[in-house]
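The values are calculated or read from the model by the stated rules, or taken from the named source; none is laboratory data. Just so we're clear, the structure is a prediction, and the values are computed from it rather than from any experiment. All Cβ positions, glycine included, derive from the backbone under ideal geometry; neighbour counts span all protein chains shown. For accessibility, only protein heavy atoms count, side chains too; no ligands or nucleic acids. Shrake-Rupley method; radii C 1.70, N 1.55, O 1.52, S 1.80 Å.
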Amino acid sequence: QWLEAINNEKSAMATHNTYTTAPLWKGRTVKAKLVFRVTREADNSLKYKARLVAKGYTERYGVDFFTTFAPTVATRSLHIPLHLAGSEDLEMRHLDVAGAYLEAPLDTVIHMVLPSDYTGGEPIIVLLNKSIYGLRQSGELWNKRLHGILTDLGFSRSTCDPCVYVSRDATGQPILYLCIYV
């Protein structure tokens, strides 16, 4: 089950083109590790998860990252959509973006060492093309990517809370609110 979980993680990394091997690299690298977790599904079955995580504490400010801002919707900002949903009998949905950080391109050059339990042999040095969990700037990069997608889809960002987006119909009436939690 754990091998299947590792293979699922490798598949997600390959699908998102997260890294490229860089075996000749002799410079600075960020370390990584595999994190294992067992979760219980809605049908009470167990799900085994493995995630490749960067050891963010091995990154250096000004070299590997510059900012680490990752916004989260304020609790008070949730009150408006909750009130509207309750008073207008509207639907509410929750969405979790699987592998979200793997969607965000990096804005710096980072080489990382894949651990031997991930590679199945010797550690391998890779050049990261995308953000991964554990990097200090991952939340900010994912938020920038999400903001670009939402604005392309016609959403506007609230001036009161940068994690609240509104989509409006042709008359300017709000039809969809999105609250983002990174």
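Given a 10 angstrom Cα cut-off, can you work out which residue in Ala98, Ala22, Ala32 is the most mobile in a GNM of the chain?
Ala98
What net charge is computed for the residues neighbouring Lys55, neighbours being all others with C-beta under 15 Å from the C-beta of Lys55, Lys and Arg scored +1, Asp and Glu -1?
Taking every other residue near Lys55 into account, the sum is +3.
Can you give the percent of C-alpha pairs in the stretch 118-182 whose distance is more than 21 Å?
That fraction is 43 percent.
In a shell of Cβ-Cβ distance under 15 Å around Pro162, excluding Pro162 itself, what net charge do Lys and Arg (+1) and Asp and Glu (-1) give?
+2
Can you compute the helix-only [θ] at 222 nm over the chain? Use -39500 (n - 2.57) per DSSP H run of at least 4 residues, normalise by all residues, nearest 500 deg cm²/dmol.
-8000 deg cm²/dmol
At 1.4 Å probe size, with the rest of the protein present, what percent of the exposed accessible area of the stretch 94-182 is carbon and sulfur atoms?
So the carbon and sulfur contribution to the accessible surface is 56 percent.
Please identify which residues in the stretch 152-182 have an amide N closer than 12 Å to a label point set 7 Å out from the Cα of Arg76, following the Cα→Cβ vector.
In the stretch 152-182, the label zone of Arg76 (backbone N under 12 Å from the point 7 Å along Cα→Cβ) covers 160-161.
Plugging the Kirkwood radius over Cα pairs into Stokes-Einstein for the stretch 69-149, at a temperature of 10 °C and a viscosity of 1.306 mPa s, what D comes out in µm²/s?
Translational diffusion coefficient: 102 µm²/s.
Based on alpha-carbon positions alone, could you give the equivalent ellipsoid semi-axes of the stretch 98-144 from the gyration tensor, as √(5λ), descending, whole Å?
22, 12, 8
Would you tally the net charge around Asp64, using a Cβ to Cβ cut-off of less than 14 Å, leaving Asp64 out, and scoring K and R as +1, D and E as -1?
Within the 14 Å Cβ shell, the charges total +2.
What longest region of the chain stays clear of trypsin sites (Lys or Arg not before Pro) that DSSP places outside H, G, I, E and B and that have at most 16 other Cβ atoms within 10 Å?
That would be 94-182.
Hey, if you drop one equal point scatterer on each alpha-carbon of the stretch 24-182 and run the Debye formula without solvent, what base-10 log of I(q)/I(0) do you get at q = 0.11, 0.12, 0.17 Å⁻¹?
These q points yield log10 I(q)/I(0) values of -0.60, -0.69, -1.07.
Where nothing but the Cβ of Lys and Arg (+1) and of Asp and Glu (-1) is charged, how large is the charge dipole of the chain around its Cα centre, in debye to the nearest 20?
For this selection, approximately 740 debye.
Between Leu127 and Glu41, what length comes free when the chain is fully extended (0.36 nm per residue of separation minus the Cα-Cα distance, one decimal in nm)?
27.5 nm
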